[in-house]
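To start, the structure under review is shown below, and the notes come after it.
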Amino acid sequence: MTTAIVVQDLTKKFNELVAVNHISFEIQQGEIFGFLGPNGAGKTTTLSMLATMQQPTSGFATVQGKDIEKDQDGVRKAIGIVFQDQSLDEELTAAENMDFHGRLYRIPPEIRKQRIDELLRLVELHERKNDIVKTFSGGMRRRLEIARGLLHHPSVLFLDEPTLGLDPQTRNHLWQYIATLSKEKNISIILTTHYMEEADRLCDRIAIIDHGTIIALDTPDNLKNGIGGDIITITTPEFEKASKILTEPWINRLEIYNDEVRISLQNAEQHISEIITILNKHQITITSVSIHKPTLEDVFLSYTGKKIREEESDKKEMMRRHLRMRRH
Amino acid sequence: MDIIYTIWLRNMIRYMRSKSRIIGSISMPLFFLLFLGFGLNSVVNIPRLGENYIQFLIPGMVAMSVLFTSVFSGIQIIWDKQFGFLKETLVAPVTRLEIMLGQTFGGATTAVIQGIMIMVISLFVGLKVQSVLGFLIALGFMVLIGISFTAFGIAIASRMEDMTGFQLIMNFVIFPIFGLSGALFPISSLPSWLSPVTMFDPLTYGVEGIRYGLTGTSQISPIMSLLVIGGFACAMTVIGTFLFRKISI
């Protein structure tokens, strides 16, 4: 495997705000690599820097061996990008949008025509190729943008929130499509998302990013296993008392989140009755109990002490009382 | 070259599809021509400059059409910025100079087409083209006005965030440029304190150049007109390119 992207100590400041804070990582050729984090975590800024749209404040990065600051043209030829916001010309037809792109990347007319047909078929827009983009739905536009991003055969494809605002069916469809793409064409795909499911299903490796820093980077399975097994969530008014008496050795970790006690442990099914017995013995009222396999949401929660969606509204976060305890 | 052509081509396709824009931007100079022309034809007598006012007004209206269309074409970059399309061009392996020039020529071409439409309509209200050479001279000046003011529009658009400032620019920059240019009246008829101002208006030289081409008479020598508006076109292109380079999205 060759390395597609190398990033060292990359930093971006906007005046006083540090959007990306000394991040370092490497991405292999053919890998699907995800940036998972709340809005404003620095995902798009990182992507923009790698795509030469913004200059880093400090640090160093290469894409296909080309320096993102010194060889912008080299980087631009190697990458395709689908922006978070739409970037199609709505007054042009699907085919014209593709053609414009092909000309900008100086693809010879013959090859251009052939690839446009091929890609429009691939994203199932061939029948609509002569329709004006204005008449397209959100999902169709997204697919067209992906097709356009592939027209010049990039070896690295950036997808910024590729399924934002799409309905579940279209989203599923796009996921399958992205997965096939990376496998068949050996393209490195770097995507940003704040959808847990998307990151989990698609990515070979995930970097969890919050406040401009990578707080964890691994495969989805390793990330989930790393937080200590299954999770038992107990809702109780006496959560503080409950957290103090649960000290069994098989408990890997215990956290309080709102009025929930979240316990990480292996083989939750075997220990659940034991936990309930202990709580009953101390006369602690249990409102509800649930067991689930760890998700990336749990991973995010365990690293940052908050859920991804909460991050999106700071006020709520400030009002919310949340205690955190760790036992290991 | 191929990139400049590509961007030009996109402008052309969009222009051809926007019927309402074509009609819209032709209507203003056309109404000016009809109302002012017919209304004032019998009361206005301009010494030494042809026998009637319509003849005098036609070159001015052609210039007006080119001016307004080109500024508008340039400023349209803001929409590309807002609708995201500009990103697609900026992230491609092309230089900003190529994008800027493609946009400028695209805007200038649409502006000149609009000007020619006014010219054609003018044939029915009294325009008599003196010679093929005269027509070509007029066309040349229209191209220079088109390039100047598309580049001007791009320069403005590069510094603007959205279209809210557009009306301000139109009312306080473009309309005075038009009003002081001698498109509506001979520059010599202004009071002595105001007439020097018209000499600082680049459009004056454009209008005079077109007038020379279409009617054979002008108050400023065509060579002088060519030098000034030509120089202005170059200067605006350089400034426009400089500001467009710094555009960030």
### Summary
Contact list, first residue from the stretch B:16-35 and within 14 Å of chain A (Cβ to nearest Cβ), second anywhere and assigned to a helix (DSSP H, G or I) and open to solvent by 100 Å² or more (accessible area, probe 1.4 Å), beta-carbon distance below 9 Å, six or more apart or interchain, is B:I22/B:M16
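Taking the residues in the stretch B:191-221 that are assigned to a loop (DSSP other than H, G, I, E, B) and open to solvent by less than 30 Å² (accessible area, probe 1.4 Å) as candidates, determine which candidate is farthest from B:Q55 (Cα to Cα).
Among those residues, the one meeting the criterion is B:D201.
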### Message
So, A:L104, is that one of a type in the set (A, V, I, L, M) and within 19 Å of A:D89 (Cβ to Cβ) or not?
### Response
yes
### Summary
The residue from A:I245, A:I189 that alone is at pLDDT below 85 and among the aliphatic types (A, V, I, L, M) is A:I245
#### Entry: Matching residues, the stretch B:217-249, being within 14 Å of another protein chain (Cβ to nearest Cβ) and of a type outside the set (S, T, Y)
B:R245, B:K246, B:I247, B:I249
### Task
Search the stretch B:101-120 for residues being among the aliphatic types (A, V, I, L, M) and under 25 Å from B:Y53 (Cα atoms), and hand back the single one that is surrounded by the most Cβ atoms within 10 Å (Cβ to Cβ).
B:A111
### Task
Kindly indicate whether any position in the stretch A:5-20 is within 14 Å of another protein chain (Cβ to nearest Cβ) and open to solvent by less than 50 Å² (accessible area, probe 1.4 Å).
yes
### Message
Based on this model, can you work out whether A:N130 counts as within 21 Å of B:K87 (Cα to Cα) and either free of Cβ contacts under 8 Å to residues at least 60 places away in the same chain or within 14 Å of another protein chain (Cβ to nearest Cβ) (or both)?
### Response
no
### Qualifying residue in the stretch B:147-169 (condition: of a type in the set (F, W, Y), open to solvent by less than 10 Å² (accessible area, probe 1.4 Å) and not in a loop (DSSP other than H, G, I, E, B))
yes
### Message
Pull out all pairs, ordered by first then second residue, where Cβ-Cβ is under 7 Å, the residues are six or more apart or on different chains, the first lies in the stretch A:81-106 and is without any contact (Cβ under 8 Å) to a residue 40 or more places away in the chain, and the second is open to solvent by 20 Å² or more (accessible area, probe 1.4 Å).
### Response
A:A95/A:K129; A:A95/A:N130; A:E96/B:I13; A:D99/A:R112; A:R103/B:D2; A:R106/B:D2
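Test B:N11 against the stated conditions and say whether it is within 14 Å of another protein chain (Cβ to nearest Cβ) and open to solvent by less than 50 Å² (accessible area, probe 1.4 Å). Break it down into steps so the answer makes sense when it comes.
Details: within 14 Å of another protein chain (Cβ to nearest Cβ): yes; open to solvent by less than 50 Å² (accessible area, probe 1.4 Å): yes.
The answer is yes for B:N11.
Residue check: is B:L123 in a helix (DSSP H, G or I), open to solvent by 10 Å² or more (accessible area, probe 1.4 Å), of a type outside the set (S, T, Y) and more than 30 Å from A:L104 (Cα to Cα)?
So B:L123 passes the test.
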### Condition check for B:F135: open to solvent by 70 Å² or more (accessible area, probe 1.4 Å) and in a helix (DSSP H, G or I)
no
### Query
Can you tell me which residue in the stretch A:54-92 is farthest from the other protein chains (Cβ to nearest Cβ), limited to those that are open to solvent by 50 Å² or more (accessible area, probe 1.4 Å) and within 22 Å of the chain's Cα centre (by Cα)?
A:Q64
### Task
Keeping to the stretch B:67-100, report how many residues are more than 22 Å from A:A51 (Cβ to Cβ), more than 13 Å from chain A (Cβ to nearest Cβ) and open to solvent by 40 Å² or more (accessible area, probe 1.4 Å).
2
#### Entry: Filter pass, B:G39 being more than 10 Å from chain A (Cβ to nearest Cβ), out of contact with any Asp or Glu (no Cβ under 7 Å at 6 or more places or on another chain), among the small types (G, A, S) and in contact (Cβ under 8 Å) with a residue 24 or more places away in the chain
no
### Residues (part of a strand (DSSP E or B) and in contact with a Leu (Cβ under 8 Å, 6 or more places away or on another chain)) located in the stretch A:5-52
A:I5, A:V7, A:V20, A:H22, A:I23, A:S24, A:F25, A:I32, A:F33, A:G34, A:F35, A:L36
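Kindly establish whether A:L191 is farther than 21 Å from A:F100 by Cβ, buried (at least 20 other Cβ atoms within 10 Å of the Cβ) and without any contact (Cβ under 8 Å) to a residue 60 or more places away in the chain.
Working: farther than 21 Å from A:F100 by Cβ: yes; buried (at least 20 other Cβ atoms within 10 Å of the Cβ): yes; without any contact (Cβ under 8 Å) to a residue 60 or more places away in the chain: no.
Taking the combined requirement at face value, the residue does not satisfy it.
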### Message
I'm told B:F172 meets every condition in (1) touching a residue at least 24 places away in the same chain (Cβ under 8 Å); (2) open to solvent by 20 Å² or more (accessible area, probe 1.4 Å); (3) of a type in the set (A, V, I, L, M, F, W, C) except one. Can you identify the failing condition by its number?
### Response
(1)
### Task
Pick out, from the stretch A:198-294, the strands (runs of 3 or more DSSP E) lying fully within it that include 3 or more residues that are of a type in the set (D, E, K, R) and either touching a strand residue (DSSP E or B) at 6+ places or on another chain (Cβ under 8 Å) or open to solvent by less than 50 Å² (accessible area, probe 1.4 Å) (or both).
none
### Query
Which ones in the stretch A:93-113 are hydrophobic (A, V, I, L, M, F, W, C), within 17 Å of B:M1 (Cβ to Cβ) and more than 9 Å from chain B (Cβ to nearest Cβ)?
A:I107
#### Entry: Qualifying positions in the stretch A:135-154 - more than 14 Å from chain B (Cβ to nearest Cβ) and of a type in the set (S, T, N, Q)
A:S137
### Task
Specify the residue that is most open to solvent (accessible area, probe 1.4 Å); the eligible residues are those in the stretch A:127-172 that are farther than 22 Å from A:K185 by Cβ and of a type in the set (S, T, Y).
A:T135
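The values are calculated or read from the model by the stated rules, or taken from the named source; none is laboratory data. A quick note: this is a predicted structure, and the numbers were derived from the prediction, not measured. So basically every Cβ, Gly included, is an ideal-geometry build from the backbone, and we count neighbours across all protein chains shown. All accessible areas refer to the heavy atoms of the entire protein, side chains included, with ligands and DNA or RNA removed. Shrake-Rupley method; radii C 1.70, N 1.55, O 1.52, S 1.80 Å.
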